Amino acid sequence: MQAWRIGDVTVTKIIELEALGGFRFILPQATREAVRPMHWLYPHFMDEQGRLKASIHALVVQTPARRIVVDTCLGNDKQGRAVPHWNDLTSSFLADLAAAGFDRTTIDTVLCTHLHVDHVGWNTMLVDGGWVPAFPNARYLMGRVEFDYWRDQRAWTEQVTVFADSVRPVFDAGLVDLVGTDHRVCDEVTLEPTLGHTPGHVSVRIRSRGKEALISGDFLHHPCQMARPEWAAQVDYDARGSTQTRHAMFAALAGTPTLLIGTHFAGPTAGHVVREDDAYRLIPA
Ligand SMILES: [Zn+2]
């Protein structure tokens, strides 16, 4: 199990799924030919053939006073997902969470960086044919802009189903707090707008005892985007906006001691951003 310490805060990674290759539907420009010359991606973030490695995981942020789950992956038993193997999952995610010391009933805060399918799944679980909150003692923090945008979708998309089975049930249970993109969660944890991927996308800033970390969310999906910040994800709502965000965030992080913890980074998952040539790279922590 991987965990990082930032002053008095611990961040623990709970893996739901890991993947090798199959990334073209997210980053169409990241062909094997294009990424193989980025030697620093090997071995943690790609294999010898240039197949990209990725992960879907939750990050548990334990502060002196709060126990926060950042992003809740895909969830079990979900239907109507566009990626075939994301349907009808039967992973041991909740048991793994409990084994790491975080029984689901002890979680006091769930924080969704945005409301895409792979960030809200374990908000709910299937009980007697209905979706119920998986974290019944938590407040679920969601961006107000983000929530309104997905609630108001009329044309059918995968995300309409996702909202219905993984967002609406926790809202109807009265567990959701709609917050601004710069919301302060507690002394050590603050949201930070990193727009473009979705209309209300946020990253999560952690500060404690002079140490600092940033949980990325999906303003980037893979470290190869540090070398090519203009590579937007296929699913980015605003590709120009997400590209501006990547340039601004990498410039601000580069050369600083801030630990970047990637929401979909495989292997070491966290590291430090440094300048390389006219772009950036990640030095795994
Ligand atoms: Zn994602």
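In table form, for the structure just shown:
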item	result
Accessible area, probe 1.4 Å, largest first, for residues D172, D118, D88	D172, D88, D118
Residue-normalised accessible area of the chain, expressed per residue, 1.4 Å probe, Å²	41 Å²
Helix-only mean residue ellipticity at 222 nm for the chain, each DSSP H run of n ≥ 4 adding -39500 (n - 2.57), per residue, nearest 500	-4500 deg cm²/dmol
Percentage relative contact order, the range 41-153, counting C-alpha pairs under 8 Å, at least six apart	23 percent
Dipole magnitude (debye, nearest 20) for the chain, charges at Cβ of Lys, Arg, Asp, Glu	460 debye
Beta bridge orientation in the chain: antiparallel %, DSSP, nearest 5	75 percent
Charge dipole of the chain about the Cα centre (unit charges at C-beta), most positive-ward option of H201, V273, F93	V273
Within-14-Å neighbourhood charge of V11 [Cβ basis; K, R +1; D, E -1]	+3
Average projection area in nm² (convex hull over Cα atoms of the chain, one quarter of hull surface)	13.8 nm²
Length-normalised contact order for the chain - Cα pairs under 8 Å, 6+ apart - percent	17 percent
C-alpha long axis of helix 239-253 to longest principal axis of the chain, angle in °	70 degrees
Segment T10-R51, length gained on full extension (0.36 nm per residue, minus Cα span)	11.6 nm
Relative packing of 128-136, 261-269, 219-227, which averages over residues the other C-beta atoms within 10 Å, highest first	219-227, 261-269, 128-136
Backbone HN-Hα couplings from phi across the range 168-178 [Karplus 6.51/-1.76/1.60, Hz, Gly and Pro as x]	3, x, 6, 5, 5, 7, x, 9, 9, 10, 7
For the range 190-272, size of Cβ-based charge dipole, Lys and Arg +1, Asp and Glu -1, in debye	300 debye
11 Å beta-carbon shell around F23, net charge (K/R +1, D/E -1)	+4
Paramagnetic reach from Q153 in the range 201-237 [backbone N under 15 Å; point 7 Å along Cα→Cβ]	201, 234-237
Residue-count net charge about P223 - beta-carbon cut-off 11 Å; Lys, Arg +1, Asp, Glu -1	+3
Residues listed by number, the range 188-224, amide nitrogen under 20 Å from D238 label point at 7 Å toward C-beta	191-204, 216-221
With 10 Å bins from 0: P(r) over the range 127-285, alpha-carbon pairs, percent	10, 34, 34, 18, 4, 0
Where only C-alpha atoms are counted, convex hull volume of the range 17-130 per residue in Å³	139 Å³
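The values are calculated or read from the model by the stated rules, or taken from the named source; none is laboratory data. All values reported here derive from a predicted model rather than from experimental measurement. Positions of Cβ are backbone-derived with ideal geometry, glycine not excepted, and every protein chain shown enters the neighbour counts. SASA here: full protein model, heavy atoms, side chains in, ligands and nucleic acids out. Shrake-Rupley method; radii C 1.70, N 1.55, O 1.52, S 1.80 Å.
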